[in-house]
Structure formats: C-alpha cells, structure tokens
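Below is one structure, written out as structure tokens; comments come after it.
The values are calculated or read from the model by the stated rules, or taken from the named source; none is laboratory data. The shown structure was predicted, so the numbers you read here are calculated from the model rather than taken from an experiment. Ideal geometry is used to build each Cβ from the backbone, glycine not excepted, and the neighbour counts take in all protein chains shown. What goes into the accessible areas is simple: the full protein's heavy atoms, side chains included, and nothing from ligands, DNA or RNA. Shrake-Rupley method; radii C 1.70, N 1.55, O 1.52, S 1.80 Å.
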Amino acid sequence: IKPGDVRPVKVLGVLCMIDEGEADWKIITIDAEDKWAPFLNDIDDVAELLPGTLDAIREWFRTYKIPDGKPPNVFGLNEEFQSKSYALEIIKECNHAWKELITGEKERKITNMEEGVKKLVRKLSKSNLLSLAPSEGEEPPTF
C-alpha cells in the first residue's frame, strides 16, 4: 500500500482527542482485506481479540506530537474508545458539516455571526476550495 492510496475499510470505533480545545475525532478502522477484518466488527472486538491494541493506539495519539516539541495530547470521554455506532454518527455529522461548507450553505446561514467568523467561512467555502483545484491540463499539487 502506497501513501495516499484509498482502501476500503471497516469502521470499528472512535477516540475523541482534544486539539486546541476542540474535539479531533480519530476514527478507528481496519482494512477490509486484513486477515482480522472478518473477526472485528466493533471496538469491543478489538479489546477482546487483540488485547493491548487500543492502549497502544491511544498512547500513540497521546505522544506523536512530542518530538515536535508539543505537549502530550489529551482526550475527551474519559479517554475511552466509543463504539462503531457512535463513530458512524460522528462521521455523518462531520460529512453534513463538510457538505454545508463546500456548497455555500454554511455561508448563507451565518448572517448573524461576527465578521471574523464570516471571513473564515468564506475562505473555506466552495468557491475558494474550487480555486485550489488545478486548471484543465494542469497537474494536481503533490504533497
């Protein structure tokens, strides 16, 4: 698997990391073709069949920014992984927010907000996102 490849996955659960005071949801998945995929259907299956794996995942998320000189990350929801059904609701909520943003619906709804918020939403709106796309015949950016 190469970086940037898209793979089918099974959602197993979610972990709520707090980043700069906001929820930064970490969706826990498994590659649909992994040998464990038939046996893992929810986060509790991971805890039962692969002891220590969830603790290792949490600790990785806690510490991965430390080499950059940042403090350890903190978590919401008592540092507990949430179920597949909880994760699917988070995914739906985030997808809805994304759709509102790129269609311009969010910009139309914020008429009563302060100017700084309006400016940020306009910056992220569909028209501006589309301006980042390559023109016809132009190569897409690489990262």
**Asked** In this structure, is Ile110 within 18 Å of the chain's Cα centre (by Cα), surrounded by 11 or more Cβ atoms within 10 Å (Cβ to Cβ), farther than 21 Å from Lys26 by Cα and at pLDDT below 95?
**Response** no
**Prompt:** Here are Asp55, Asp45, Asp24, Asp34: which of them is open to solvent by less than 50 Å² (accessible area, probe 1.4 Å) and not in a strand (DSSP E or B)?
**Reply:** Asp45
**Item:** Phe61 being within 24 Å of Glu89 (Cα to Cα) and open to solvent by 80 Å² or more (accessible area, probe 1.4 Å)
**Value:** no
**Fill in**
Across (1) out of contact with any Ser or Thr (no Cβ under 6 Å at 6 or more places or on another chain); (2) outside any loop (DSSP other than H, G, I, E, B), Val11 clears everything bar (1)
**Request:** Can you tell me which residue within the stretch 64-91, out of those that are among the charged types (D, E, K, R) and part of a helix (DSSP H, G or I), is surrounded by the fewest Cβ atoms within 10 Å (Cβ to Cβ)?
**Result:** Asp68
**Message:** Taking the criterion of being touching a residue at least 24 places away in the same chain (Cβ under 8 Å) and farther than 11 Å from Leu15 by Cα, would at least one residue in the stretch 91-99 satisfy it?
**Reply:** yes
